[in-house]
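Q: Here it is, the structure, as structure tokens.
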Amino acid sequence: MTFQDMMMQLEQHGVANDLNQPDKSRKYLNITRDTGEFLAILVKATGASQVLEIGTSNGYSTLWLASALPEHGKVYTIESNSQKAAEAALNFTKVNLTDKIVQVAGDVTEVLPAIPGNVDFIFLDADRKQYTFLAESLFGLLKEGGLLVCDNAISHSDELQPFTDWVNGQPHLSCSLVPVGKGELLVFKGGR
């Protein structure tokens, strides 16, 4: 199966699942296609080879990130829901990207210390209430000159406000809100 065919299939499956699934924990809540394309371009443009993703779900966003990596690049992706992680693993196999993806199972607060530091790029798309609590650790893992991208920055701006306030209070971070998909907050580590 080609990458584009797989992504189209995952988009359709994700939309159908989320429309018919009353249990939020079983929804995929995938990023939009334009967000995926945007993330892939950002990974390429920044020359990222080590990426951290918080929130794998069924692997849709992970595949966009992994597809943009250089030959020896890696995406470390964290997911607490074992059923979603298993489904993501199957999706990674279908497009032969398993060699670029390291799945980490568990609660992000517990498994984050296992992630090798000095990552080039972080994609944050999980429980927004945890972001401020995780901020110090995440930016500690991000290398100088690295980029953190946070999804749902427009659609859930109220939930992200504490994190955005924290970011704006850091002299070594600068940010920009990009109206792609549900809104992407880009945070650059390296000063204003």
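Q: Among the residues of segment 134-144 satisfying the criterion of being part of a helix (DSSP H, G or I) and out of contact with any Gly (no Cβ under 6 Å at 6 or more places or on another chain), which is surrounded by the most Cβ atoms within 10 Å (Cβ to Cβ)?
A: By that ranking, first place goes to L138.
Q: Would you mind stating whether V167 is without any contact (Cβ under 8 Å) to a residue 60 or more places away in the chain and within 17 Å of N81 (Cβ to Cβ)?
A: No, not satisfied.
Q: Could you list all residues from segment 8-32 that are among the basic types (K, R) and either in contact with a His (Cβ under 6 Å, 6 or more places away or on another chain) or over 12 Å from K84 (Cβ atoms) (or both)? Let's see the steps before the verdict.
A: Going through segment 8-32, the residues among the basic types (K, R) turn out to be 24, 26-27.
Correct list: K24 only.
Q: While we're here: Give the residue, chosen from L147, L185, that is in contact with a Ser or Thr (Cβ under 6 Å, 6 or more places away or on another chain), assigned to a strand (DSSP E or B), closer than 22 Å to Y60 by Cβ and not hydroxyl-bearing (S, T, Y). If you could, list the steps in order and put the result at the bottom.
A: Values: L185 fails: in contact with a Ser or Thr (Cβ under 6 Å, 6 or more places away or on another chain).
Selected residue: L147, the only one of L147, L185 that is in contact with a Ser or Thr (Cβ under 6 Å, 6 or more places away or on another chain), assigned to a strand (DSSP E or B), closer than 22 Å to Y60 by Cβ and not hydroxyl-bearing (S, T, Y).
Q: In this structure, does L10 turn out to be buried (at least 16 other Cβ atoms within 10 Å of the Cβ), modelled with pLDDT under 95, touching a Ser or Thr at 6+ places or on another chain (Cβ under 9 Å) and among the aliphatic types (A, V, I, L, M)? Walk me through it before giving the result.
A: Numbers: buried (at least 16 other Cβ atoms within 10 Å of the Cβ): yes; modelled with pLDDT under 95: yes; touching a Ser or Thr at 6+ places or on another chain (Cβ under 9 Å): no; among the aliphatic types (A, V, I, L, M): yes.
So L10 does not fit the description; no.
Q: For segment 1-37, how many residues are part of a helix (DSSP H, G or I) and not charged (D, E, K, R)?
A: Within segment 1-37, residues that are part of a helix (DSSP H, G or I) and not charged (D, E, K, R) number 18.
Q: Filter segment 150-164 down to the residues that are in contact (Cβ under 8 Å) with a residue 12 or more places away in the chain and either in a loop (DSSP other than H, G, I, E, B) or closer than 17 Å to L134 by Cα (or both) and list them by number.
A: Hits for segment 150-164 are C150, D151, N152, A153, I154, S155, H156, E159, L160, P162, F163, T164.
Q: Would it be correct to say that T46 is in contact with a strand residue (DSSP E or B) (Cβ under 6 Å, 6 or more places away or on another chain), modelled with pLDDT of 95 or more, among the β-branched types (V, I, T) and crowded, with 22+ Cβ neighbours inside 10 Å?
A: Working: in contact with a strand residue (DSSP E or B) (Cβ under 6 Å, 6 or more places away or on another chain): yes; modelled with pLDDT of 95 or more: yes; among the β-branched types (V, I, T): yes; crowded, with 22+ Cβ neighbours inside 10 Å: no.
Here the answer is no, as T46 does not meet what is asked.
Q: Tally time: how many residues in segment 41-55 are of a type outside the set (A, V, I, L, M, F, W, C), outside any loop (DSSP other than H, G, I, E, B) and more than 11 Å from the chain's Cα centre (by Cα)? Write out each step before concluding.
A: Applying the first criterion (of a type outside the set (A, V, I, L, M, F, W, C)) to segment 41-55 yields 44, 46-47, 49-50, 53, 55.
Pick out the ones that are also outside any loop (DSSP other than H, G, I, E, B) and you get 44, 46, 50, 53.
Now drop any that are not more than 11 Å from the chain's Cα centre (by Cα), which leaves 44, 46, 50.
Selection size over segment 41-55: 3.
Okay, residues lined up against (1) modelled with pLDDT of 95 or more; (2) under 23 Å from D107 (Cα atoms); (3) charged (D, E, K, R):
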residue	(1), (2), (3)
Y28	no, yes, no
E37	yes, no, yes
S57	yes, yes, no
L65	yes, yes, no
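Q: Quick check on K84: is it touching a Gly at 6+ places or on another chain (Cβ under 9 Å) and charged (D, E, K, R)?
A: Answer is yes for this residue.
The values are calculated or read from the model by the stated rules, or taken from the named source; none is laboratory data. For clarity, every value in this text was computed on a predicted model and none was experimentally measured. In this analysis, Cβ positions are derived from the backbone assuming ideal geometry, glycine residues included, and neighbour counts consider all displayed protein chains.
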